[in-house]
Amino acid sequence: MTAVPGQRSPAAAAPAAAEQAAEEDLRGLFGQSIAVFAALTGPEHLLETANPAFFATIGEERAHVGLPLAELMPELADQGFLALLDQVFRTGEPYTGRDIQVMLGSGPQVREAFFDFTYEPRRDANGNVTGIRVLGVETTQVRHAQRLMAEHRALLEQIARQAPLTEVLDGMARCIENLAPGVLVSVLLADADARHLRHGAAPSLPDFYNKAIDGIATGEGVGSCGTAAHRRGPVIVTDIATDPFWDDFRDLADQAGLAACWSTPILARDGGLLGTFAMYHRTPRVPQDTDFALARLFAGTAALAIERHHIEQAKLAAETHARSANDELARVLLVERELRAEAEQRAAAAAELAAQMRAAAAAQAAAPHPEHCQLGGAAGCTAPAEIKIADSWGDAAWGCPAHVEEAILNVRSVFIASEELGGLAAYLNR
């Protein structure tokens, strides 16, 4: 039996019918699934059909069929995926990738995604490869969640063991930059008056840039961070080159190669300003939901670290003040003891002097009252003896008012010995 040209025999038509039925089954199966499905045809990989999840993944604005995948998604070429499609089409061998990174889109809309996917060859009735089926499941959220949990746990452990604030903030910045490739993170800390922002951490920004913005004021229109601090709310600048908030800093940002900046205020539990958390990009960029989630999570983590740091600083200041007060109290007590000892010594000396005076008075009490002055010295004095004087050494004498006055002027005190004059005895024997 001879086959009619252009017609297939029932035997030949059966595989083709099965193939078509399988395609329809796949379309039905993946029609409303979150898994991505696309059918490509020919060596140019023309997009024949795809489910809504596929178009949602690549962007609804690119929801077109009948175009080569290279034209629809040019970003795939430099990532090696078009070469893999060529390989599967050429060899007929399927390819499976696990947790593969894909950069989707371009310019401000580019985003990082991860997929488990399979390229399966499509065949005609003769077994020839006519196209490729793309089946995939996005694992981005799972992958990010796993990495995020691990990194966040490590940061919380740092905070719990009271690691230095600079170490925590620097580690946090590097963590986010690892989780979101292309992001450059900066953390600024608020002064006590909340009117200025100081450098906290920015491991990937140029030093000249960090120095230039260290100490910037908070206020409306002062870049992304100054404005976010002033508003106490997020400020999203997708293109620094055109945004008026960056008029005073545009040249600086251009010199540093920065094109977008999304800033989130870091707030204390009472609403007070602790600082700002900024995510920079080198190209104009619109934030995705994952970017907002990262900003909220790590702004909260930074707030925890900064508040913990403030508590520790206040505790150290209180301990330093207490030590200073204790040292001052100890010094006062020492001085008090020294003064008390000195006072006791003086009291003892005074008591001893008083005792000597009493002893001298007692020793002279029984001495007879002479008729004439005893203070005349070798020349003598015939004046009546009217006044008795004595010193603390026990020497005493009677004299006339003139000689008594002279003795007082020379001896200075009848009760205090004089090293130069030798006391009252030396005066009597002059």
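The values are calculated or read from the model by the stated rules, or taken from the named source; none is laboratory data. This is a predicted model, so every value here is computed, not measured. Don't worry about glycine lacking a Cβ; one is built from the backbone with ideal geometry, like all the others, and counts go over all protein chains shown. To get the accessible areas, we keep the full protein, side chains included, count just its heavy atoms, and leave off ligands, DNA and RNA. Shrake-Rupley method; radii C 1.70, N 1.55, O 1.52, S 1.80 Å.
General observations
- Lone qualifier among Gln374, Gln356, Gln364 - being surrounded by 12 or more Cβ atoms within 10 Å (Cβ to Cβ), part of a loop (DSSP other than H, G, I, E, B) and either touching a strand residue (DSSP E or B) at 6+ places or on another chain (Cβ under 8 Å) or modelled with pLDDT under 75 (or both): Gln374
- Every listed requirement among (1) polar (S, T, N, Q); (2) assigned to a loop (DSSP other than H, G, I, E, B); (3) open to solvent by less than 60 Å² (accessible area, probe 1.4 Å) is met by Thr227 save one, (2).
- Scanning the stretch 58-81 for residues that are part of a loop (DSSP other than H, G, I, E, B), in contact with a helix residue (DSSP H, G or I) (Cβ under 8 Å, 6 or more places away or on another chain) and farther than 16 Å from Glu112 by Cβ yields Ala63, His64.
- Residue match in the stretch 307-314 (condition: in contact with a helix residue (DSSP H, G or I) (Cβ under 7 Å, 6 or more places away or on another chain), buried (at least 18 other Cβ atoms within 10 Å of the Cβ) and not in a loop (DSSP other than H, G, I, E, B)): yes
- Put simply, of Trp262, Trp246 the only residue that is without any contact (Cβ under 8 Å) to a residue 24 or more places away in the chain and open to solvent by less than 20 Å² (accessible area, probe 1.4 Å) is Trp246.
- Taking the criterion of being more than 21 Å from Leu294 (Cβ to Cβ), touching a Ser or Thr at 6+ places or on another chain (Cβ under 9 Å) and of a type in the set (A, V, I, L, M, F, W, C), the residues of the stretch 216-248 that qualify are Phe245, Trp246.
- Cross-chain or 6+ apart pairs with Cβ under 7 Å, the stretch 162-188 first and open to solvent by 10 Å² or more (accessible area, probe 1.4 Å) and of a type in the set (D, E, K, R), then at pLDDT 90 or above and assigned to a loop (DSSP other than H, G, I, E, B): Asp170/Pro203; Arg174/Pro203; Glu177/Val183; Glu177/Ser204
- Scanning the stretch 92-132 for residues that are without any contact (Cβ under 8 Å) to a residue 24 or more places away in the chain, touching a strand residue (DSSP E or B) at 6+ places or on another chain (Cβ under 9 Å) and exposed (fewer than 15 other Cβ atoms within 10 Å of the Cβ) yields a count of 3.
- Annotation: of all residues in the stretch 377-397 being at pLDDT below 85 and open to solvent by 40 Å² or more (accessible area, probe 1.4 Å), the one that is nearest to the chain's Cα centre (by Cα) is Trp393.
- Counting only residues that are among the aliphatic types (A, V, I, L, M), assigned to a helix (DSSP H, G or I) and either modelled with pLDDT under 75 or surrounded by 16 or more Cβ atoms within 10 Å (Cβ to Cβ) (or both), the stretch 16-57 holds 8 of them.
- Filtering the stretch 285-302 to residues that are in a helix (DSSP H, G or I) and surrounded by fewer than 16 Cβ atoms within 10 Å (Cβ to Cβ) leaves Asp289, Phe292, Ala293, Arg296, Leu297, Gly300.
- Selection count, the stretch 272-284, where residues are open to solvent by less than 10 Å² (accessible area, probe 1.4 Å) and either assigned to a loop (DSSP other than H, G, I, E, B) or touching a Leu at 6+ places or on another chain (Cβ under 8 Å) (or both): 6
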